[in-house]
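Here's the structure, in structure tokens; my notes come after.
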Amino acid sequence: MIAVLAGFVLAFGLTPAVNVAGMRRWLLGHPFPAGLRLLALAGLGVGFAVLAWYDGPVGGAILAGLVAGLTFANAWAIRVARRNRPRVEAAEAEMAWVAADSEDEPRRPPPARSAPVGRVLRDTVATERRRALGWLLAGVIVIPACGALSLPEAASARAA
């Protein structure tokens, strides 16, 4: 139990530290540092390795801590982005004003749509429904198969 708690707390503590550091740079307009991306990926790999080869509950706690830490870091980034929104809008308005002054030729109207939005939306929704049905059917097939394959030999011999 202590190992599970330690795995969660460690992953929950390290994930926001890594992601917030990268998100700060990203919110300033710089790319997310590649080293921090690799560090986050390594944490995910460690979580899956512990889950598969060491201890399932500890690995699950590490993965849960990674997800919780990432959620915490994303919530921080959203708050910062909302706080900066008025400055961004002012800068975008200034850039649009300068661009409008520098244009010599008038803007062309946007190209006409080749298909009505309603039809495209219906096609997209239909495609998503087919995909969801496919995943549901795959789950219905795979879940019992996994259960049957993981039965001990004595239990499967009794069933036959």
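Every number here is computed from the coordinates shown, using simple stated rules; none is lab data. As the structure is a computational prediction, the values presented were derived from the model and not from experiment. All Cβ positions, glycine included, derive from the backbone under ideal geometry; neighbour counts span all protein chains shown.
Ordering A49, F72, G59 by the projection of their Cα atoms onto the charge dipole of the range 1-88, which places +1 on the Cβ of Lys and Arg and -1 on the Cβ of Asp and Glu, puts F72 at the extreme positive end.
The overall shape of the range 1-88 is prolate: from the C-alpha gyration tensor, with semi-axes ordered a ≥ b ≥ c, the ratio a/c is 1.5 or greater and a/b exceeds b/c. Our summary gives the range 1-88 a relative contact order of 44 percent, counting only alpha carbon pairs under 8 angstrom and 6 or more residues apart.
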